[in-house]
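Engineer: Here it is: the structure, laid out below.
The values are calculated or read from the model by the stated rules, or taken from the named source; none is laboratory data. These numbers come from a predicted model, not from an experiment. Note that each Cβ is placed from the backbone with ideal geometry, even for glycine, and that neighbours are counted across all protein chains shown. The accessibility values were calculated without ligands, DNA or RNA, using every heavy atom of the protein model including side chains. Shrake-Rupley method; radii C 1.70, N 1.55, O 1.52, S 1.80 Å.
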Amino acid sequence: MIAQLTTEELDIKLFNKCIGDIFFNMLAIKFREERILFPFIVETITEKQLETMNREGFELGYPYIQPVLTESKKLESGIDGNLINLGTGSVSIEQIKLIFNHLPVDITFVDENNKVCFFSTPPKRIFPRTTAIIGRDVSNCHPPESVHVVEQIVESFKTGEKDQADFWIKMRGEYILIQYFAVRDEQKNFRGVIEVSQEISAIKALEGEKRLLDW
């Protein structure tokens, strides 16, 4: 119908057919939902689960409408035994460590006070780090010739002027993408900076598509 309405010459016969198709398809969906799906859901799924599904629907979005969620019930973060609830799932400290260290990127996190708090240790780190940098001011973790750039990035993140800075360099036969991301909480308050570095030669060489497993 949309395609028909955007053409210069409207094909009334085809347009009417599209209207009929939409009407009867939607009517069938409505019938199945009201007579089969919804009654079965009410009998088998708890109210709490339904609330969660409803919230997730708002988070994912809808195709043709933009409803407003009047009451948002988000999953609370917290610690339950060995598991840490992150709001979108629960994982252990060991699993968190494994996730960070298996991502094909270098990650360093600096808090809102410019102190280095964390770095990942993937099998091949582009820029070596030691635990000696933990607690150190980020300005003391870069060569003198680039410190002013880092300070400018951090300041622009703090003021809200920018949220991301990207650089790419060639080093030791590799093509390195270096990105800085501002970290903000739900109230948009600045909480730190994430530095992510990745070797992207293989990514730059990609062409076409790959949809099948070839190993």
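Engineer: Using a probe of 1.4 angstrom, how much of the accessible area of the chain is carbon and sulfur, in percent?
Structural biologist: 59
Engineer: Which whole-number percentage describes the relative contact order of region 55-158, with Cα contacts under 8 Å and a sequence gap of 6 or more?
Structural biologist: Dividing the mean separation by the residue count of region 55-158 yields 13 percent.
Engineer: Next question, about the same structure. Give the residue from ILE79, LEU37, LEU60 lying farthest towards the positive end of the charge dipole for region 1-113; charges sit on Cβ (+1 for Lys and Arg, -1 for Asp and Glu) and the dipole is referred to the Cα centre.
Structural biologist: LEU37
Engineer: For region 1-67, which GluC sites (Glu not before Pro) are both in a DSSP coil and crowded by at most 12 other Cβ atoms within 10 Å?
Structural biologist: GLU8, GLU9
Engineer: Something else now. Most fluctuating residue of LEU60, LEU103, LEU177 in a GNM of the chain with Cα springs under 10 Å: which is it?
Structural biologist: LEU60
Engineer: Long-range amide H contacts for PHE118: which residues qualify at under 5 Å (H placed 1.01 Å from N, peptide plane, sequence gap of 5 or more or a different chain)?
Structural biologist: Under 5 Å from the amide H of PHE118 lie the amide H atoms of PHE109, each far enough along the sequence or on another chain.
Engineer: For region 63-199, build the convex hull from the C-alpha positions and give me its volume per residue in Å³.
Structural biologist: 177
Engineer: Extension gain ILE134-VAL91, at 0.36 nm per residue separation less the Cα-Cα distance, in nm?
Structural biologist: Here the answer is 13.1 nm.
Engineer: Okay, moving on. Could you give the angle, 0 to 90 degrees to the nearest 10, between helix 93-102's Cα long axis and the longest principal axis of the Cα atoms of the chain?
Structural biologist: On a 0 to 90 degree scale, this one is about 80.
Engineer: Which residue fluctuates most in the GNM of the chain (Cα springs below 10 Å): THR108, THR131, THR121?
Structural biologist: The residue with the greatest mean-square fluctuation here is THR131.
Engineer: I need to check one value: relative contact order of the chain, counting alpha carbon pairs closer than 8 Å and at least 6 residues apart, in percent.
Structural biologist: 12
Engineer: With Kirkwood's inverse mean 1/r over C-alpha pairs for Rh, give me the Rg to Rh ratio of region 1-127, two decimals please.
Structural biologist: 1.19
Engineer: Follow-up. 222 nm [θ] for the chain, helices only, -39500 (n - 2.57) per DSSP H run of 4+, per residue, to 500?
Structural biologist: Calculated from helices alone, the mean residue ellipticity at 222 nm is -10500 deg cm²/dmol.
Engineer: Looking at this model, which pairs from LYS115/LYS204; LYS124/LYS170; LYS162/LYS210; LYS170/LYS210; LYS124/LYS158 are more than 25 angstrom apart at the alpha-carbon?
Structural biologist: LYS115/LYS204; LYS162/LYS210; LYS170/LYS210; LYS124/LYS158
Engineer: Label points 7 Å out from Cα along the Cβ direction at GLU8 and SER156: separation in nm?
Structural biologist: The two pseudo-label positions are separated by 4.6 nm.
Engineer: Can I ask one more? So how far, in whole Å, is the C-alpha centre of region 74-142 from the one of region 11-60?
Structural biologist: 42
Engineer: Once label points are set 7 Å from the Cα along Cα→Cβ at both ILE194 and TRP168, what is their separation, rounded to one decimal in nm?
Structural biologist: 2.1
Engineer: Something else now. Averaged per residue, what accessible surface does the chain expose to a 1.4 Å probe, in Å²?
Structural biologist: 78
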